[in-house]
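Any read-out appearing in this document is the output of simple, stated calculations on the displayed coordinates, not a laboratory observation. These numbers were taken from a predicted model, which means no experiment stands behind them. Please note: Cβ atoms are built from the backbone with ideal geometry, for glycine as well, and neighbour counts cover all protein chains shown.
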Amino acid sequence: MTEPIDVLVVGGGPAGLATAIRLRKQLAQAGSDASVVVVDKAHRPGYHSLSGASFEQACLDELVPGWRDDRRFMANVVPVEQDDLYFLLGSRAVKVPSRVVPGRMHHEGDVTISLARLTGFLADRAVQAGVEIHSGFAARELLVDDGRVVGVRLGDVGRNNRGEPKANFRPAEDIHARVTVLADGSHGVLSTQLREQFGGGRNPQVYSIGIKAVAQFPGDNPFGTNRVLHTLGYPNPAGVFGGGFMYSMGDKSVAVGLILGLDWRAGDLAPQREFERFRSHPFIASLLRGSVTIATGAKTIPEGGWYALGRVAVPGALVVGDGAGFVNMARIKGIHYAILSGMAAADTIAEGLAAAGAAPDDPVRLAGYVQRLETRGVLPDLRHARNYRAAFRWGIYPGAPLSLVADRLPWRIPMAPDADGTRPGARLDRPDPGGMDGATFVSLSGALHRE
């Protein structure tokens, strides 16, 4: 990878792979042999994708026509037929009538899907289209020359846990590209560097952390199939944004998780322990009765929305998916925005390459990306939900009613960086909920470390 390439995609998740698939197909139709290369830090496609998601699948019809004909993939796609919202209070669970749940929060017509399997499926299709995928390479630095992104620098390979070179040490390598697409996910190293160098949004980007587990039922499945359930309230303190969820993942498995805004006040709030508290709630425990946890994980979610968006198109580079902040918390959705933004990026790059000269140093214009995000509905959806997350900055009780009218407010609700929310000395002093300990949780995540 030392030779200059045409298009470099950093990140092998849905956004990056959607970019690569559509771009490679368009280049082939145009008779172009321009190179499209994906680098990803995971050692295989999908390994860093946290399983279990509710997904608006229509975008796949355009990206991969005929995808429903793949029987192996479709075996992991579960249509949503039942969609419930509950408010948890102590040991009680109160069902919120469907008629009072905002339409944007309904999930009928969606599917639940293993995000890891979706990523693997897209990786296979990318390779079939002629995309090069290189796994196990972590990009560490954005290369910028005279205000233009010209590529990335990879991290060193072959250091021990003290940072010392081992026998297989290989120093950092620079990859130069005519166009670089940053699909490095939530709080990605390179997309964060781009925000710092080229400009961020009017509000700072803020995040939640999602703690998730996949549970399997050896016997009966009390949660049922084809079902999506979301919760508000317990165990999140009143001042902490977020809630719980459960998604059917087939006849015998379910994804269960808890989302907590990272701007919490108390210094002793431990997300994994709160997740165990959530699983021990009598209502949730009854739906998980008899299950065995087979996988766990955690990831951040960029939720600042419209006002936190920085520049997503700069000379030589585009940002797609979670790295750009394309997540709509009013709908609890981000995956289809990742794919839509990837397709918008591909169309922009194909147009730019066709108009540019053939020489490696001829600039490729990327001016149409933002307009394509508008046309595909990504930016209009985020604009509509522009104040949704900020409405909860004062807690769930003022936030819930305010969020219903937040799209009508003529002004921006300001947000502060997450770290500013922590108050010195503030504590919850909650008893330990029991359940799975932290070490076991980490062991089931598949994370590999040299201790």
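Just for the chain, what percent of DSSP beta bridges are antiparallel, to the closest 5? About 70 percent, rounded to the nearest 5.
ALA313 sits among other residues whose Cβ lies under 11 Å from its own Cβ, and their net charge, with Lys and Arg +1 and Asp and Glu -1, is +3.
Which of the peptides 244-255, 275-286 is most tightly packed, and how do the rest follow, going by the mean number of other Cβ atoms within 10 Å of each residue?
244-255, 275-286
The HN-Hα couplings worked out from phi for the stretch 224-241 by the Karplus form 6.51 cos²θ - 1.76 cosθ + 1.60 (θ = phi - 60°) are x, 10, 6, 10, 10, 10, 10, 10, 10, x, 3, x, 5, x, 4, x, 10, 5 Hz, whole numbers, x standing for Gly and Pro. Close amide H contacts of ASP83 (hydrogens built in the peptide plane, cut-off under 5 Å, sequence separation of 5 or more or a different chain): VAL228. Legend: ranking of residues ASP432, ASP156 from fewest to most surrounding C-beta atoms inside 10 Å; resulting order ASP432, ASP156. The distance from the alpha carbon centre of the stretch 11-55 to that of the stretch 412-451 is 31 Å, rounded to a whole number.
Computed 3J(HN,Hα) for the stretch 81-93, one whole-Hz value per residue from the Karplus formula 6.51 cos²θ - 1.76 cosθ + 1.60 where θ = phi - 60°, is 10, 10, 10, 10, 10, 10, 10, 8, 10, x, 9, 9, 9, glycine and proline marked x.
Per-residue extension of 0.36 nm, minus the Cα-Cα distance of SER135 and ARG99, leaves a gain of 8.3 nm for this segment. Cβ crowding within 10 Å ranks VAL442, VAL189 as VAL442, VAL189, fewest other Cβ atoms first.
Pairs of Lys residues in the chain are counted when their Cα atoms are under 30 angstrom apart and they lie 8 or more places apart or on different chains; the count is 16. Can you classify the stretch 327-450 as rounded, prolate or oblate using the Cα gyration tensor, where a ≥ b ≥ c are the square roots of its eigenvalues, rounded means a/c under 1.5, and otherwise it's prolate if a/b beats b/c and oblate if not? Oblate shape, in that a/c is at least 1.5 and b/c is the bigger or equal ratio. In the stretch 193-281, taking the dipole from charged Cβ atoms about the Cα centre, the farthest positive-side position among GLN193, TRP264, VAL228 is held by GLN193. Report the Cα centroid-to-centroid distance between the stretch 359-376 and the stretch 95-144 in angstrom, as an integer. About 23 Å separates the Cα centre of the stretch 359-376 from the one of the stretch 95-144. Remark: the stretch 63-79, residue by residue, has Karplus-estimated 3J(HN,Hα) of 6, 10, x, x, 4, 5, 7, 7, 4, 4, 5, 5, 5, 10, 9, 10, x Hz, where x stands for each Gly or Pro and the curve is 6.51 cos²θ - 1.76 cosθ + 1.60 at θ = phi - 60°. The calculated FRET efficiency for ALA172 paired with ARG92, based on their beta-carbon distance and R0 = 45 Å, is about 0.25.
Relative protection proxy for 412-425, 298-311, 51-64, from highest mean packing down: 298-311, 51-64, 412-425 (other beta-carbon atoms within 10 angstrom).
Among complete DSSP H helices in the chain, those whose alpha-carbon atoms stretch at least 20 Å along the helix's long axis and whose mean Kyte-Doolittle hydropathy reaches 1.0 are 335-355.
Here Rg and Dmax of the Cα atoms in Å was computed from the coordinates, and among (i) 22.5, 74; (ii) 22.0, 67; (iii) 31.5, 98 the match is (ii).
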